[in-house]
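One structure below.
Laboratory data are not the source of any read-out in this text; all were calculated from the coordinates shown. Source: prediction; values computed, not measured. Cβ placement follows ideal geometry from the backbone for every residue including glycine, while neighbour counts extend to all protein chains displayed.
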Amino acid sequence: MVMGVMEIGLAHYLVLGAVLLVCGLVTILTKRNAIGILIGVELVLNAANINLVAFNRYSHGVSEGGGVALAGQVFAIFVIVLAAAEAAVALSIFLNFYNNFTSVDVEKAKELRG
């Protein structure tokens, strides 16, 4: 008996993106550590990247000239660059916060209100 080959479709990528989004949101909402919150933000951005590339592939797989449409990949690269810049700025803020309070617990940030 020959087993059928399962083809990976758009729905599989959307489910993967939804799982990453939920994991990122749960991480953002439950962590008190600023580094953990940053990891949650990165998971949410990666979920968006998966959706961008999957929608591009399954809606505009081939451009008019016969080449491959790369709009989703270009947007994903833009999001990756944006995430790297966001991580650099956030880590510098966290380091400054750690120097002042010797902790990266976000509950202590309430003391910063003027």
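Things to note:
- Largest first and in whole Å, the equivalent-ellipsoid semi-axes of the chain read 38, 18, 9, each the square root of five times a Cα gyration tensor eigenvalue.
- Mean separation of Cα pairs under 8 Å and 6 or more residues apart, divided by the residue count, gives the stretch 12-107 a relative contact order of 29 percent.
- Calculated FRET value between Ile39 and Val5, using beta carbons and R₀ = 30 Å, to 0.05: 0.25
- Mean residue ellipticity, 222 nm, helices only, the chain: the sum of -39500 (n - 2.57) across DSSP H runs of n ≥ 4, divided by residue count and rounded to 500, is -24500 deg cm²/dmol.
- Sorted on the mean count of surrounding Cβ atoms within 10 Å across their residues, most packed first, peptides 20-29, 43-52 read 43-52, 20-29.
- Within the stretch 8-51: backbone nitrogen closer than 13 Å to the Lys108 label point (7 Å, Cα to C-beta): 33-35
- Computed extension length for Ala87-Leu16: 23.2 nm, one decimal, from 0.36 nm per residue of separation with the Cα-Cα distance subtracted.
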